[in-house]
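Readers should treat all values here as calculations from the given coordinates under stated rules, not as data from a laboratory. Treat the numbers as computed from the prediction; the structure is a model and nothing was measured.
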Amino acid sequence: MRTERLSFFVESVQAVPGGWQLEGEPGYHPRHWARPGDRFDRACCEHGREERNLDLVVVELTGSSAVVTGAGGDQLRPGDIVSGERLIEDDILAGEGSSG
């Protein structure tokens, strides 16, 4: 097993029923984009503001927004970067490099 880092760059935050909608941009490569059920557990400002703990679960993610639920969404501000990790099984990784 190994971990993949997940991130989302927040441009705006809006409260929605049951959580928050984050407008912005997911991490640098689609493989590292969060999927429904993944968790963001940290937030920091891209300009160096102190890291904060979160417990947000991704409900939905597109190329320009994420809907999350849980604790800490009320702390998010434009300019924040939220991050987390996903465990990947080695046999799944081996399958990515195979040609069918």
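How much mean residue ellipticity at 222 nm does the chain get from its helices, if each DSSP H run of length 4 or more adds -39500 (n - 2.57) and you divide by all residues, to the nearest 500 deg cm²/dmol? Intermediate results must be reported in sequence, preceding the final value.
On the way: 1 runs with 7 residues, N = 100.
Helix-only estimate at 222 nm: -1500 deg cm²/dmol.
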Of (i) 132; (ii) 387; (iii) 104, which is the value of volume of the Cα convex hull per residue in Å³ derived from the coordinates here? (iii)
